[in-house]
Amino acid sequence: MLGMRVLFFVGSLAAGGLERFVTRVSLQAKSTGAFEPVVCCLTAKTGIFLSELEAAQVSVWEAPKGWERRFSALIALGSLVREIEPDIVHSQVNFSLLQQVFAVRFLAQATFCVTERNCYRLSGVSRLKRLVQFHALRLLRIRYSANSYAVAEHLGRLVLADKRSIPILPNGVAPIPPNQNLRVQKRTRLGWGDRDIGIGYIARMAKHKGHSLFLRSVARVRDAGAQAKVCFLGDGPQRGALEKLTRELELDALVSFIGTVSDVEDWLQAFDIVVLLSSHEGMPNVILEAMAAGKPIIGTPVGAIPELLNDGSAGILVMRREVTEVAQALVSLIRTAAHREQLGQAASSRAREQFGLEVSFSKLLAHYEQTVA
């Protein structure tokens with residue numbers, strides 16, 4: 001692999017799972033010399049990970065505006081890729097894929113592959129377009145992969161393909177050891193005391209991420225006398241509505257809204273429990289990072305979350321997205337330190353053994369070798 005150049009296509013470098021994945025892989029490749037990483041932002045060269053990549057001397061480019069709808073801009077994208085001279089272009093986004101392929105394969109004559117990262121619910125014309133796109137790329141010998149078995153299974157059902165034919169390239173994470181200084185620092189900023197049980201909810205504030213269900217469950221927990229403190233990390237279109245709901249439920253004294261942060265690993269030190277109640281997911285990095293930090297996790301059985309939590313042995317899966325069930329799971333962890341410890345240790349071990357950064361990186365390198373061959 002030495003001497004190979006890999007160009008990653010992303011939308012931007014804003015806070016998100018795929019952006020974190022590309023950043024993590026690029027830094028690993030740069031530090032080990034496995035290959036030369038380059039990043040191209042297809043929508044905007046911006047985001048919290050931009051400075052981190054540039055500090056590591058990873059080249060970051062921006063695609064010509066309108067490449068997905070104007071032929072002249074698409075030609076310019078092909079010229080940009082040709083100028084970068086990648087051995088492989090690895091797309092992490094599935095919008096306008098046929099245009100991406102045209103620019104990379106036919107204009108720049110580079111090898112192209114794409115990874116599916118989500119379990120989007122598509123039907124009607126949208127599903128038909130995805131099916132046609134998938135099989136058109138297959139005919140062009142484009143390698144399609146998924147970041148988890150759950151995503152591969154979902155994609156297979158969506159496009160009528162055998163899930164076993166879709167390679168799995170899981171996200172990876174390095175261990176996040178306990179750091180008491182960081183814990184004190186973050187909890188002090190939040191106004192939490194030593195004895196407070198702190199719950200972290202880290203997600204973009206979109207409707208499907210389950211923030212409102214979580215707030216209503218916290219209110220139920222408070223009413224049951226098992227009070228805890230809550231910290232939301234992330235931002236998005238639902239933030240105003242969530243702040244309003246917090247006031248309506250009279251949770252102001254318990255809930256903090258911090259916004260988007262680049263040091264999620266540091267913030268995890270402050271939390272005793274991590275929760276994510278999405279209605280659909282791919283392979284959420286927040287779950288993986290919470291596992292690496294040894295935190296007990298409450299999640300919904302969607303996407304790759306059961307895969308990550310080993311069907312509930314490394315965290316609690318709430319089978320129904322209902323206030324009563326979520327509140328019961330929260331109370332069980334808030335009131336029992338031994339239960340938190342047991343789940344946190346199980347999560348840490350699974351993250352290290354099954355989803356370690358070196359393990360996932362070696363699978364990625366093998367995929368590139370096979371793709372080039």
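Just so it is clear, none of the values below were taken in a lab; they were calculated from the coordinates. Remember, it's a predicted structure, so these values are computed and weren't measured experimentally. Ideal geometry is used to build each Cβ from the backbone, glycine not excepted, and the neighbour counts take in all protein chains shown.
Based on the Stokes-Einstein relation at 10 °C and a viscosity of 1.306 mPa s, and on the Kirkwood radius from alpha carbon pairs, segment 180-354 is assigned a translational diffusion coefficient of 100 µm²/s. Distance between the pseudo-spin-label points of Lys207 and Val132 (7 Å out from Cα toward the beta carbon): 2.8 nm. Ranked by the mean number of other Cβ atoms within 10 Å of their residues, highest first, the peptides 145-151, 39-45 fall in the order 145-151, 39-45.
Could you give the C-alpha radius of gyration of segment 165-265 expressed as a fraction of 2.2 N^0.38 Å, taking N as the number of residues it contains?
Taking N as the residue count of segment 165-265, the ratio is 1.24.
State whether segment 299-373 is rounded, prolate or oblate according to the following rule on the C-alpha gyration tensor (a ≥ b ≥ c being the square roots of its eigenvalues): a/c under 1.5 gives rounded; otherwise a/b larger than b/c gives prolate, and the remaining case gives oblate. Note, shape of segment 299-373 comes out oblate. Of Lys129/Lys244; Lys209/Lys295; Lys45/Lys163; Lys186/Lys209; Lys229/Lys295, which ones are farther than 27 Å apart at the Cα? Among Lys129/Lys244; Lys209/Lys295; Lys45/Lys163; Lys186/Lys209; Lys229/Lys295, the Cα-Cα distance tops 27 Å for Lys129/Lys244; Lys45/Lys163.
Contact order for the chain, expressed relative to its length and based on alpha carbon pairs under 8 Å spaced 6+ residues apart, stands at 15 percent. With neighbour counts taken as other beta-carbon atoms within 10 Å, the residues His208, His154 rank, fewest first, as His208, His154.
Can you give the FRET efficiency to the nearest 0.05 for Ala337 and Ser79, using r as the Cβ-Cβ distance and R₀ = 45 Å?
Working: r = 60 Å, r/R0 = 1.33.
According to the calculation, E is roughly 0.15.
Every pair of different Cα atoms in segment 55-127 enters the Kirkwood calculation, which places the hydrodynamic radius at 13.5 Å. In terms of packing, defined here as the mean over residues of other Cβ atoms within 10 angstrom, the peptides 334-345, 119-130 line up highest first as 334-345, 119-130. Modelled spin labels at Leu122 and Glu325, positioned 7 Å past Cα toward Cβ, are 2.8 nm from each other. Residue separation of Asp252 and Thr32 scaled by 0.36 nm, minus their Cα-Cα distance, works out to 74.5 nm of gained length.
One decimal place: the segment Asp266-Asp223 gains 12.4 nm when fully extended, by the rule 0.36 nm per residue minus the C-alpha distance.
Over the chain, what is the percentage of antiparallel beta bridges among all DSSP beta bridges, to the nearest 5? Intermediate values should be presented prior to the final figure.
Details: 0 of 40 bridges.
Here the antiparallel bridges make up roughly 0 percent for the chain.
Relative protection proxy for 352-361, 102-111, from highest mean packing down: 102-111, 352-361 (other beta-carbon atoms within 10 angstrom). Sorting Thr188, Thr300, Thr260 by the number of Cβ atoms found within 10 Å of their own Cβ, with the fewest placed first, yields Thr188, Thr260, Thr300. Rg of the Cα atoms in the chain, relative to 2.2 N^0.38 Å, amounts to 1.02.
Residue by residue, segment 232-248 carries 3J(HN,Hα) couplings of 9, 10, x, 9, x, x, 8, 4, x, 5, 6, 5, 5, 4, 4, 5, 4 Hz when phi is fed to the Karplus relation 6.51 cos²θ - 1.76 cosθ + 1.60 (θ = phi - 60°); x denotes Gly or Pro. Counting neighbouring beta carbons within 10 Å and listing from fewest to most, the residues Lys209, Lys65 come out as Lys65, Lys209.
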